[in-house]
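S.K.: My questions all concern the structure below.
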Amino acid sequence: MADRVLVAMSGGVDSSVAAALLVEQGYDVVGATMKLFCHDGDLPDRPCCSLDSVNDARRVCQSLGVPHYVLNLESAFGRDVVDDFVNEYANGRTPIPCVRCNTFTKFRDLLVKADAIDARWIATGHYARVAGGELVRGRDHSKDQSYFLWGIDRSVLQRMILPVGAQTKPETRAVAHRLGLEVVAEKRESQDICFVPDGDHTAIIRQRLGDDAPALARGPFVLSDGSVVGTHEGFARFTIGQRRGLPGGYREPMFVVAIRPADRAVVIGPREELLGRGVTARSVNWLVDPPAVGASVEVQVRHRAPPARAEILRIEADEVELALDEAVAAITPGQSLVMYDGDRVLGGGFIERARPARAMLPVRAA
Amino acid sequence: MPDPIYLDHAATTPVRPEVLEAMLPFFGPRFGNPSSTHRWGREARTALDEARERVAQCVGANPDEICFTSGGTEADNIALLGTWRARRESGRNAIVTTPIEHKAVLGAVHQAVREGAEERFCAMLDTGIVDVSSFEALAGDDAAIASVMWVNNEIGTVQPIAQLAAHARAVGAVFHTDAVQAFGNIAIDARSTPFDVLTISGHKIGAPKGIGAVYIRRGTVIEPLFHGGTQDRGRRPGTENVAAAIGFARAAELAIAEREAKVAQLARLRDRLEHAIVARVPDAVVHGRDAAERAPHILNVSIPGTDSESMLMALDLRGVACSAGSACQSGSVSPSHVLSAIGVSPDLASAAIRMSLGALSNEAAIDRAAEVFAVCVNKARGMAAAGD
């Protein structure tokens, strides 16, 4: 009997084509759409996870002749992803919920569902590849999503299929047309975070933490010398490197360079204050055997940032510290630090802090 | 894979061939609008009136007490909102109901509350039966309407409708019962049971989806939900679904004629299924088992340590179709409000599987379903036998 694969289907073109390719390759495909948050408010234009998306995924499966199920992972997603998202903002950080969704929801909770139906494999529409038991960037580097996948358990790589990772987005759309998946072939891409309506993340913070949440309360804009230069309407509206919404009248462009929840301060400064020469990450997960201290790796501190060369200074429990060869701008606590060797993903973690100066490895005797 | 087994008759049933045959002319040559004065209209109107009479006979009603609707949900809404709105000025403002009602009733009550009604939920016994003393305490002379379903759609427990309806009548409250799952399984007679309003639906008994009826006892005033024409005495404006009404009448007649034999057969099959499952999975918890009376077609079982969602997928992939809790619009599974209301723990409630029997059920199917069920349970509990 053919191997069974559970395909996580959002109703978009990538996961639809992933399912279709697996059907073509002879797998016993079962489609599943995860219901991750409540549809009570019903936002008609939401590109992902809406009722329409569920219906699109169901139609695609029907046309492929494979079963489709809707799986309610709402409470686990709320706990593992949404709560964390809100807490991170409350702590002056900029969360990256897609990473936690991949780590906990798609490649852990959904895997339990795969086990329940004897599915050997789990597949998604991510632009990344699995090769030789390792995670590798998608062939289309402009669409590469490996940055979001560092947190999955290494053993899951043995069960993971990423069928569209070997092709470009236009190729994916072409496959959709070739296979008659017109429902999804030209669907626009979702850019927003799926549970954040209209891209306004403050709404969900307000909903969870209340109108008087400190993260949404008025606070000072300060310079790094401590002088107060204005007021803002809540530090959760800001992220490191942001220029929009800052006080004006400076000779050079100003950026958010730090967020201090203790006194609700948003620290602003010129570009050089944005630069980091070192970075520490926590909750580190390795997808290969961990490299040695002193190893040179490439790191990416945000999605689509160009990789930067760095040296591993310290690996401890779930923490890693790196020294960057060249300064990198806007290293943001809460975002992911992902370590690469070329296209191979070595591992990653959540950025804890940046260091302005380059730390050095202690010179060893002998 | 062998033929799939359908164990979801409480969700819907296939249209019976006799019903389809009865309806066909009304999609073709007899297509008239019953409100038209010409021959096509007269012909349709006559057929519709006859259908109404035939449905009335099935529940011991007068024809003018039957109002065709689009199904059970509309009928429940007419029953709850229609009567409450008509009575709200009379000083009776309360609606008495149970927490195990179908969402059509609970949703209508919720809407009435938004319009100013007071909702009162009866206590439930853990047998799945309403606590009669709680009902009697809540349904006082300030109650506009009391609504208790006859047969629960998830666990099949039969409520003491005669007793509840008699109390409601004594205190001057309108009594409504959602009899969607009771119709064809329980004898329903408006002449001997003092309910005032009753809901029935077509697609649970072999008629198509989109047709149902609400019985409204003479003298019970309702405010219509729709506004427009004068169809059905103004109670339900809109051109009648003639073909479906005729199909419904045919299905209802067949259901009543076959009721006793069918009930005996389904109860036997249900017991067979229950015994086979309990024999293979001794710690299976059968919900509603301790009720004084259970409808013959519903078996609701929770297996500790499993979850409904995974079980439903695994069963379906092995060709056994059943359901869990109440499905939401997206098709995902939510924990059952019914099981929660009768004191079932959240863990057990989220493991519930409803198997409902009917026209497509026979011994061979039941035996195989029980076998597949046990295999899926063992899998879910990580005790899969080698070679499976």
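S.K.: Every residue in the range A:286-322 that is part of a strand (DSSP E or B), surrounded by fewer than 16 Cβ atoms within 10 Å (Cβ to Cβ) and touching a strand residue (DSSP E or B) at 6+ places or on another chain (Cβ under 6 Å), please.
M.R.: Once the filter is applied, which keeps residues that are part of a strand (DSSP E or B), surrounded by fewer than 16 Cβ atoms within 10 Å (Cβ to Cβ) and touching a strand residue (DSSP E or B) at 6+ places or on another chain (Cβ under 6 Å), the range A:286-322 yields A:296, A:309, A:314, A:319.
S.K.: So residue B:37 fits all but one of (1) in a loop (DSSP other than H, G, I, E, B); (2) within 30 Å of residue B:147 (Cα to Cα); (3) without any contact (Cβ under 8 Å) to a residue 40 or more places away in the chain; what number is the exception?
M.R.: (2)
S.K.: Quick one: in the range B:199-234, which of the residues that are charged (D, E, K, R) and modelled with pLDDT under 95 is nearest to the chain's Cα centre (by Cα)?
M.R.: The selected residue is B:232.
S.K.: Can you tell me which residues in the range A:169-203 are of a type in the set (A, V, I, L, M, F, W, C), touching a residue at least 24 places away in the same chain (Cβ under 8 Å) and within 23 Å of residue A:66 (Cα to Cα)?
M.R.: The answer is A:175, A:176, A:179, A:181, A:183, A:184, A:185.
S.K.: Could you list all residues from the range B:254-282 that are buried (at least 17 other Cβ atoms within 10 Å of the Cβ) and farther than 16 Å from residue B:360 by Cβ?
M.R.: Passing the criteria: B:256, B:259, B:263, B:274, B:276, B:277, B:281.
S.K.: Looking only at the range A:34-47, decide whether some residue is within 13 Å of another protein chain (Cβ to nearest Cβ) and at pLDDT 95 or above.
M.R.: No, there is no match, as no residue in the range A:34-47 is within 13 Å of another protein chain (Cβ to nearest Cβ) and at pLDDT 95 or above.
S.K.: Continuing with this model, one more query. Check A:193, A:240 and return the single one that is modelled with pLDDT of 95 or more and either farther than 24 Å from residue A:95 by Cβ or not in a helix (DSSP H, G or I) (or both).
M.R.: Result: A:240 is the single residue among A:193, A:240 that is modelled with pLDDT of 95 or more and either farther than 24 Å from residue A:95 by Cβ or not in a helix (DSSP H, G or I) (or both).
S.K.: Quick check on this structure: which one of A:343, A:325 is farther than 21 Å from residue A:91 by Cα, touching a residue at least 40 places away in the same chain (Cβ under 8 Å) and surrounded by fewer than 20 Cβ atoms within 10 Å (Cβ to Cβ)?
M.R.: After ruling out the rest, the residue left standing is A:343.
S.K.: Name the one entry in B:196, B:141, B:126 that is among the acidic types (Asp, Glu) and within 20 Å of the chain's Cα centre (by Cα).
M.R.: The unique qualifying residue is B:196.
Table: residues versus (1) without any contact (Cβ under 8 Å) to a residue 24 or more places away in the chain; (2) in contact with a Phe, Trp or Tyr (Cβ under 8 Å, 6 or more places away or on another chain); (3) surrounded by 16 or more Cβ atoms within 10 Å (Cβ to Cβ).
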| residue | (1), (2), (3) |
| --- | --- |
| A:205 | no, yes, yes |
| A:212 | yes, no, no |
| A:215 | no, yes, yes |
| A:226 | yes, no, no |
| A:242 | yes, yes, yes |
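S.K.: Among B:147, B:201, which is the only one that is of a type outside the set (Lys, Arg) and either farther than 28 Å from residue B:20 by Cα or surrounded by fewer than 24 Cβ atoms within 10 Å (Cβ to Cβ) (or both)?
M.R.: B:147
S.K.: On the given criteria, is residue B:321 among the small types (Gly, Ala, Ser), in contact with a Phe, Trp or Tyr (Cβ under 7 Å, 6 or more places away or on another chain) and modelled with pLDDT of 95 or more?
M.R.: So residue B:321 fits the description; yes.
S.K.: In the range A:279-299, how many residues are out of contact with any helix residue (DSSP H, G or I) (no Cβ under 6 Å at 6 or more places or on another chain) and under 11 Å from residue A:346 (Cβ atoms)?
M.R.: 11
S.K.: Condition first: of a type in the set (S, T, N, Q) and either in contact (Cβ under 8 Å) with a residue 12 or more places away in the chain or surrounded by 16 or more Cβ atoms within 10 Å (Cβ to Cβ) (or both). Now tell me which residues in the range A:57-76 satisfy that.
M.R.: A:63, A:72
S.K.: May I pose another question? With B:68, B:26 as the choices, which residue is more than 30 Å from residue B:319 (Cα to Cα) and within 18 Å of the chain's Cα centre (by Cα)?
M.R.: Selected residue: B:68, the only one of B:68, B:26 that is more than 30 Å from residue B:319 (Cα to Cα) and within 18 Å of the chain's Cα centre (by Cα).
S.K.: Sticking with this structure for a sec: Report yes if some residue within the range B:364-379 is under 21 Å from residue A:6 (Cβ atoms), at pLDDT below 90 and either touching a strand residue (DSSP E or B) at 6+ places or on another chain (Cβ under 9 Å) or surrounded by fewer than 23 Cβ atoms within 10 Å (Cβ to Cβ) (or both); otherwise report no.
M.R.: Within the range B:364-379, one or more residues are under 21 Å from residue A:6 (Cβ atoms), at pLDDT below 90 and either touching a strand residue (DSSP E or B) at 6+ places or on another chain (Cβ under 9 Å) or surrounded by fewer than 23 Cβ atoms within 10 Å (Cβ to Cβ) (or both).
The values are calculated or read from the model by the stated rules, or taken from the named source; none is laboratory data. Given the structure is predicted, the values throughout are model-derived calculations rather than measurements. When we count neighbours, we look across all protein chains shown, and the Cβ atoms used for this are built from the backbone with ideal geometry, even at glycine.
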